[in-house]
Structure formats: C-alpha cells, structure tokens
Amino acid sequence: MTTLRGVLTKSAVFGSALALAGLSATTAHAAPAFVNLTTAEASPIYSQPSSSSTRYRTEPRGTTLRIQCSTRQTPSGNLWYRIYDSQPTAWVWSGHFPSLVHPPKECF
C-alpha cells in the first residue's frame, strides 16, 4: 500500500525534475541554421575555402547570401564562410562582407 510519505517524496522528485528541465529548456539556445549576410562588393564563390580552388560564379554587390558557418582552417588562415544549402558545397571569403560583431558559428 502506498503511504502519504512515499507519494510526497515521488511528487517532490518529479517536481524537481520538471523544474530542472524547464530551466534547461529556457537557457539552452541553439545556433541558427544560417545567417543572412549582404555582400559589400562583387564576391566570387569557390568550391573550397581557398581562392586557388574552382570558381563557380561571382555574386554582384548587394546580394544577400545565407551563410551556414565559418572556418579559418584554410591554407591562408583567412576566415571563409560556407554558403547554406549549396549543392555542391560553396564558399565565399569573409572579406567581401562588412565586419561582423558576431560571426557565424564555426564549421566542424
């Protein structure tokens, strides 16, 4: 038979778990899938994060691109942005955009 004390203990544990889950849900922020950035000048789009790779096209100044992530893991060490949902994968040098206070998340 269930005692009042047992019910209260289970209720307290359950309530604490709910409170902790609610706290975690409100404080955890997922990074957005992409950020929109507008080019400040004509911007070549490359197959790899390197200007010596294949150039796919050049986007005109004022074009808004969806940027998925950024990397400095390049031969030059420069910051490059990967274009979101691009098939095949495409990259653009960060120098073609205005400086950002919060750059896109790091590519892994």
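The values are calculated or read from the model by the stated rules, or taken from the named source; none is laboratory data. Keep in mind the model is a prediction, meaning the values are calculated, not measured. Cβ: placed from backbone, ideal geometry, glycine included. Neighbour counts: every protein chain shown. Ligands, DNA and RNA are excluded from the accessible area calculation, which covers all protein heavy atoms including side chains. Shrake-Rupley method; radii C 1.70, N 1.55, O 1.52, S 1.80 Å.
Please determine, by comparing only the residues of segment 62-71 that are touching a Ser or Thr at 6+ places or on another chain (Cβ under 8 Å) and open to solvent by less than 20 Å² (accessible area, probe 1.4 Å), which one is farthest from residue 48 (Cα to Cα). Filtering segment 62-71 for residues that are touching a Ser or Thr at 6+ places or on another chain (Cβ under 8 Å) and open to solvent by less than 20 Å² (accessible area, probe 1.4 Å), the one farthest from residue 48 (Cα to Cα) comes out as 65.
Among the residues of segment 87-103, those identified as more than 12 Å from the chain's Cα centre (by Cα) and touching a residue at least 12 places away in the same chain (Cβ under 8 Å) are 88, 89, 90, 91, 92, 93, 94, 95, 96, 97, 98, 100. Output the residue which, of all residues in segment 72-108 that are among the hydrophobic types (A, V, I, L, M, F, W, C), under 15 Å from residue 59 (Cα atoms) and in a strand (DSSP E or B), is most open to solvent (accessible area, probe 1.4 Å). Once the filter is applied, the top-ranked residue is 93.
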